Amino acid sequence: MSSKKIWQGNSTFILAAAGSAVGLGNIWKFPYMVGSNGGSAFVIIYLICILAIGFPVMVSEILIGKYARKSPINSLKNLSQEFKLNLNWKFLGILGALAGVTILSYYSVFAGMAFSYIFKIFPQGLENPSQYSSEHFFNLSSSPLSLVFWHTIFLFLTSLIIGLGVVKGIGRSVNILMPFLFFFIILVSIYSSYIGDLKRTLIFLFSPDFSVITPQIVISAMGQAFFSLSIGMGAIMAYGAYMPEKQMIGKTVMTIISLDTFVALAAGIAIFPIVFSNPSLEIAAGPGLIFETLPVAFYSLPLGSIFSVIFFILISIAALSSSISLLEPLTAWIEEKGKFNRFSIVFTLGILVWILGLGSIFSFNIWSDLKLFGLTFLELLDYLTNNIMLPLGGFFVSVLIGWKIPKAFIQENLKLNKKLFKLFYFSLKFLAPSSIILIFLYSAF
Ligand code: PHE
């Protein structure tokens, strides 16, 4: 592997991986899922899944990518060859790459919406800003044309950055953008706790009421953990291939997970106090939650419209640094075949993703009555990818590394201290795969 495709310094890998992890999943999805799934119980199960399943799976993905230094599909193939395993393990990479493309198709629709809010300035002197905000969201989501417009722009930007390459495109942008995002989310959550109902928020988020738990909540919390950490589909594995040789995997994963969890909770603290202190806003508003609440929060603030613009710029950036990692695994794999250049690959894939995205756009409007198993096209893709494909990917990754690859090899590559390794190995071999299966069974019956 040429040095061209290794990220400079330890921080670039951390920022790129955190850039992939921190995205709409944290700022848009986490708050609305907590809001619609009863609050604290969801949060607690989510946190358990992050530690018990997310940690070992993320470590394993990076281990595979860093060791083989190829796209996920070829890394899995190489690893299987080396350890004389069944070559079908590469299908795990293919499943992941497909999940990535599918997720990107709807991810880009919501990211496009966030992008459009950068340009939406609420008029002065509104009597009822919450109502205005809900109406604006309703108008935006009922217009296929507007959604297609923003979806196109977002996908174009995503393809452009991936096309520019790993070091120049992805590496450079995350180095500039991520620190800015962390700073701003902290600022908004402080502001929001100050003007809104912080006490109710903290009770809602952290005082567990296990009586509300249903199988549906458990599987959604697990799906959300996978989605938020970008694991189970090869994004982090693809990035692992560009990790500097000397960087320690265990410590790095700890940092990424902490940043991701921190931003999700901070987003909750940025949004809920405002919802609780505003009777016309609905905590279980679903996917529209941040779009309807944040502009209202900013409205009453001096310089509020500037804050709002900055915030939506940051959400768009967070989404962009995640969306590039959704398409990188497939792009890298096709690029390795050596027949096409990166730009033509990524723009062709972009067009396919764009077409698939139309289905999600129409789910808001002209296809809103079209349902399969009671779910719209968009909800179906969301369910299928987050709750089934990603956990399944994570399950197989943990089986591969936990059961098929010699322990000594993993130990040598991870360089964890003895106690930590024991803990990690136990969760990888037993805890993670069995929890995934149990949650699947629990939600199926
Ligand atoms: N983790 C990203 C988010 O939270 C979404 C994502 C999922 C990105 C899977 C890559 C892979 O928004």
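The values are calculated or read from the model by the stated rules, or taken from the named source; none is laboratory data. What you see is a predicted model; the values in this text were computed from it and never measured. Cβ coordinates were reconstructed from backbone atoms using ideal geometry, including for glycine residues, and neighbour counts include every protein chain displayed. Calculation scope for accessible area: heavy atoms of the full protein, side chains included, ligands and nucleic acids excluded. Shrake-Rupley method; radii C 1.70, N 1.55, O 1.52, S 1.80 Å.
For the chain, a Gaussian network of Cα nodes joined below 10 Å ranks 259, 126, 380 by mean-square fluctuation, and the top entry is 126.
Using a probe of 1.4 Å, the accessible surface attributed to residue 69 totals some 40 Å² when neighbouring protein chains are kept in position.
Taking every DSSP helix (H) stretch of at least 4 residues in the chain, weighting each as -39,500 (n - 2.57) and dividing the sum by the residue count yields a mean residue ellipticity at 222 nm of -23000 deg cm²/dmol.
Ranked from largest to smallest solvent-accessible area, with a 1.4 Å probe on the protein heavy atoms, 371, 246, 70 come out as 246, 371, 70.
Sorting 382, 260, 369, 209 by accessible area puts them as 369, 209, 382, 260; the probe is 1.4 Å, largest comes first, and only protein heavy atoms count.
Our Cα-only numbers for segment 42-111 put the radius of gyration and Dmax at 14.9, 43 Å. Scoring 40-50, 227-237, 410-420, 302-312 by mean Cβ neighbours within 10 Å over their residues and listing the highest first yields 227-237, 40-50, 302-312, 410-420.
The share of accessible area on the chain that comes from carbon and sulfur is 69 percent, using a 1.4 angstrom probe. For the chain, modelled as a GNM whose springs connect Cα atoms under 10 angstrom apart, the maximal fluctuation among 300, 20, 220 occurs at 300. In the chain, Rg over Rh equals 0.96, where Rg is the alpha-carbon radius of gyration and Rh the Kirkwood radius from pairwise Cα distances. Note on the chain: GNM, Cα springs under 10 Å; of 127, 61, 292, the largest mean-square fluctuation is that of 127. Placing a pseudo-label 7 Å from each Cα along the Cα-to-Cβ vector at residue 309 and residue 369 gives an inter-label distance of 4.2 nm.
Charge dipole (Cα centre; +1 on Lys/Arg Cβ, -1 on Asp/Glu Cβ; no other charges) of the chain amounts to roughly 1940 debye.
Along its first, second and third principal axes, ordered by size, segment 205-358 spans 58, 36, 33 Å in Cα coordinates.
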